[in-house]
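Quick notes on the structure that follows.
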């Protein structure tokens with residue numbers, strides 16, 4: 001008996017080391033069944049030193065999105081605190097008295113509990129919250145709020161935090177009416193003012209926009225943020241090299257092909273951006289023009305299947321030559337060259353995929369289109385790799401560590417994709433995220449770990465946006481504007497942090513690209529421009545954070561005690577309309593068409609992105 005107890009104790013110590021930190025918190029959900037009813041669930045979060053593993057135990061069993069919520073909560077908490085996710089293991093135990101509706105509505109609470117465990121904070125027991133977590137730390141919309149509020153009130157809640165814009169929701173109830181011997185059953189949709197309902201129940205209902213705001217209500221603490229500014233002008237010379245090289249190559253091809261209206265328009269736009277100092281934007285537009293010109297060139301010069309086959313072989317040969325070169329470079333990659341080598345590797349991988357599509361298309365027109373994309377991806381990789389000669393000093397990176405980090409990011413990207421699928425995220429973005437993840441896998445298999453990490457960032461941003469763009473129709477554009485403002489600031493801060501140790505060429509390029517679209521959005525109010533800007537702001541931020549981790553230059557954020565909320569209420573206070581039948585994903589009206597069109601155009605541009 002004594003030996004058994006010793007063995008059990010040893011197993012416990014292995015699972016949870018002595019430095020483990022545990023936090024218990026309550027969340028709310030909707031019970032499964034015909035009649036909607038709220039339920040309180042217990043969540044226990046334990047954080048230990050580890051290797052970036054996330055373990056989830058649920059009782060009773062919940063759907064896969066709870067697994068995704070846990071993974072995302074752990075990653076988001078570390079991002080907000082400036083911690084390296086790969087240095088910890090996270091254990092989530094979710095217990096409920098009855099089966100609950102699957103959904104990500106506990107994501108915000110799980111993130112709060114994770115932050116508390118990492119910072120040794122104790123959350124208040126009389127504060128409850130509902131809201132899914134976005135990768136950028138925003139709190140997203142959920143369903144069943146009135147039922148959850150009632151359950152929280154019964155469990156002693158004094159404050160109930162809900163997502164921004166959801167103080168008024170619509171619920172559908174079943175009503176029975178008796179007329180003589182007959183019973184008539186009908187569905188009635190009614191508005192519910194959650195704030196007023198809270199007053200009747202003795203609970204203060206508060207809208208929160210971000211995890212940081214919710215953290216203050218739970219603990220009285222907020223997360224400190226450095227006030228750093230980014231000077232884009234100092235990178236002008238480097239980014240101008242990319243733009244000028246791409247311009248020269250584009251104009252050289254134009255001399256051979258002649259005038260092509262669509263390409264000429266892009267060239268003129270690129271020249272204008274070049275004059276305005278938007279060098280990477282100009283690079284991208286020259287690149288898009290070059291693809292169109294390349295397609296025209298192939299259409300004029302390839303006269304037979306033999307010609308097409310020879311063109312395939314030529315591009316394939318160029319890809320193989322570049323891969324041979326990159327294998328040598330990857331072996332001696334350093335903190336400065338990581339981003340340039342990774343950018344080159346990623347573009348070569350896309351070229352390889354497009355060439356395969358061309359060969360398998362079975363259609364002359366499609367083959368020429370994919371071949372043009374493959375050829376120009378090769379050329380863009382060469383342009384990026386030409387920047388290696390601008391690096392004067394470099395600190396070598398451990399290849400095995402790069403490999404492990406690539407594996408980790410692929411797991412995270414896969415988890416985000418599963419999560420996005422489980423809650424009905426935007427299909428086009430999810431498809432693109434899966435493509436980017438496949439590119440990362442291909443690069444990893446070839447030993448190109450720098451490129452694999454960068455491709456994973458693409459996948460993570462795309463999968464994250466597939467979720468983040470879910471929003472109540474009444475406040476979608478207001479939330480989008482708020483997200484843009486926040487995304488610009490956080491990207492700028494992240495880049496400014498890393499430039500203390502490394503020259504962040506790739507993050508700065510994407511930041512400038514986002515800035516040009518943001519400017520366009522402010523002039524046109526076109527939601528598509530806003531989506532492009534948001535995408536590249538987030539990508540620049542994510543890449544900057546990766547470089548912080550790779551260079552080991554990151555600093556942990558501090559938490560600050562505050563007696564009053566260190567934030568101002570949102571500028572908008574519109575209400576949303578949400579039907580309980582669609583519990584986790586509010587329906588949209590006309591705005592969904594705008595987003596769909598925006599995403600379609602985005603993919604066409606992204607397919608030909610630098």
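General remarks:
- Of all residues making up the range 20-30, the number that are surrounded by fewer than 21 Cβ atoms within 10 Å (Cβ to Cβ) and either within 27 Å of the chain's Cα centre (by Cα) or under 14 Å from residue 155 (Cβ atoms) (or both): 1
- Taking the range 122-133 as the range and being in a loop (DSSP other than H, G, I, E, B) and touching a strand residue (DSSP E or B) at 6+ places or on another chain (Cβ under 6 Å) as the test, the residues that pass are 123, 130, 131.
- Residue in the range 367-374 that is without any contact (Cβ under 8 Å) to a residue 40 or more places away in the chain and under 18 Å from residue 450 (Cβ atoms) present: no
- Residue in the range 22-44 that is within 20 Å of residue 412 (Cβ to Cβ), part of a strand (DSSP E or B), at pLDDT 85 or above and in contact with a strand residue (DSSP E or B) (Cβ under 7 Å, 6 or more places away or on another chain) present: no
- Within the span defined as the range 520-539, every residue fails to be closer than 26 Å to residue 403 by Cα and more than 18 Å from the chain's Cα centre (by Cα).
- Applying the criterion of being over 18 Å from residue 52 (Cβ atoms) and modelled with pLDDT under 85 to the residues of the range 393-439, the residue that is surrounded by the most Cβ atoms within 10 Å (Cβ to Cβ) is 420.
- Any hit, the range 338-349, residues being part of a helix (DSSP H, G or I), modelled with pLDDT of 95 or more and farther than 23 Å from residue 391 by Cα: yes
- Any hit, the range 149-172, residues being modelled with pLDDT under 85 and farther than 20 Å from residue 203 by Cβ: yes
- Lone unmet requirement of (1) surrounded by fewer than 22 Cβ atoms within 10 Å (Cβ to Cβ); (2) assigned to a helix (DSSP H, G or I); (3) within 30 Å of the chain's Cα centre (by Cα) for residue 222: (2)
- When the range 351-373 is filtered for residues that are crowded, with 24+ Cβ neighbours inside 10 Å and either touching a strand residue (DSSP E or B) at 6+ places or on another chain (Cβ under 8 Å) or under 14 Å from residue 323 (Cα atoms) (or both), only 351 remains.
- Among all positions in the range 382-391, there is at least one residue which is in contact with a strand residue (DSSP E or B) (Cβ under 9 Å, 6 or more places away or on another chain) and more than 25 Å from residue 255 (Cβ to Cβ).
- From the list 417, 391, 412, the lone residue that is over 19 Å from residue 79 (Cβ atoms) and in contact (Cβ under 8 Å) with a residue 12 or more places away in the chain is 391.
- Exclusive hit being buried (at least 18 other Cβ atoms within 10 Å of the Cβ), assigned to a helix (DSSP H, G or I) and at pLDDT 95 or above, set 235, 217: 217
- Number of the condition not met by residue 382 [criteria: (1) over 24 Å from residue 549 (Cβ atoms); (2) in contact (Cβ under 8 Å) with a residue 60 or more places away in the chain; (3) within 26 Å of the chain's Cα centre (by Cα)]: (3)
- Qualifying residues in the range 200-212 (those that are in contact with a strand residue (DSSP E or B) (Cβ under 8 Å, 6 or more places away or on another chain) and part of a helix (DSSP H, G or I)) - the one nearest to residue 560 (Cα to Cα): 212
- Test: residue in the range 277-294 that is free of Cβ contacts under 8 Å to residues at least 12 places away in the same chain, in contact with a helix residue (DSSP H, G or I) (Cβ under 9 Å, 6 or more places away or on another chain) and surrounded by fewer than 21 Cβ atoms within 10 Å (Cβ to Cβ): no
- As for the range 176-195, it holds at least one residue that is more than 30 Å from residue 511 (Cβ to Cβ), assigned to a helix (DSSP H, G or I) and at pLDDT below 95.
- Residue 108 vs. criteria modelled with pLDDT under 95, assigned to a helix (DSSP H, G or I) and surrounded by 23 or more Cβ atoms within 10 Å (Cβ to Cβ): yes
- Candidates 146, 123, 135, filtered to the one that is touching a helix residue (DSSP H, G or I) at 6+ places or on another chain (Cβ under 8 Å), closer than 21 Å to residue 419 by Cα, in contact (Cβ under 8 Å) with a residue 12 or more places away in the chain and surrounded by fewer than 24 Cβ atoms within 10 Å (Cβ to Cβ): 135
- For residue 442, the test of being without any contact (Cβ under 8 Å) to a residue 12 or more places away in the chain, surrounded by fewer than 24 Cβ atoms within 10 Å (Cβ to Cβ) and in a helix (DSSP H, G or I) is failed.
- Qualifying residue in the range 421-432 (condition: farther than 21 Å from residue 353 by Cβ, without any contact (Cβ under 8 Å) to a residue 60 or more places away in the chain and either touching a strand residue (DSSP E or B) at 6+ places or on another chain (Cβ under 9 Å) or in a helix (DSSP H, G or I) (or both)): yes
- Residues of the range 151-163 satisfying the condition of being farther than 22 Å from residue 212 by Cα and surrounded by 21 or more Cβ atoms within 10 Å (Cβ to Cβ): 151
- Qualifying positions in the range 144-167 - farther than 14 Å from residue 39 by Cβ and either in a helix (DSSP H, G or I) or within 26 Å of the chain's Cα centre (by Cα) (or both): 161, 162, 163, 164, 165, 166
- Within the range 493-504, being surrounded by fewer than 21 Cβ atoms within 10 Å (Cβ to Cβ) and in a helix (DSSP H, G or I) holds for 493, 496.
- With respect to the stated conditions, residue 382 fails to be part of a helix (DSSP H, G or I) and either at pLDDT below 90 or at positive phi (or both).
- So residue 334, is it within 20 Å of residue 447 (Cα to Cα) and out of contact with any strand residue (DSSP E or B) (no Cβ under 8 Å at 6 or more places or on another chain): no
- The residue that is surrounded by the fewest Cβ atoms within 10 Å (Cβ to Cβ), among those in the range 540-560 that are under 21 Å from residue 404 (Cα atoms) and under 18 Å from the mean Cα position of the chain (by Cα), is 549.
The values are calculated or read from the model by the stated rules, or taken from the named source; none is laboratory data. The model shown is predicted, which means the values in this text are computed figures rather than measured ones. Counting neighbours? That spans all protein chains shown, and the Cβs are built from the backbone with ideal geometry, glycine included.
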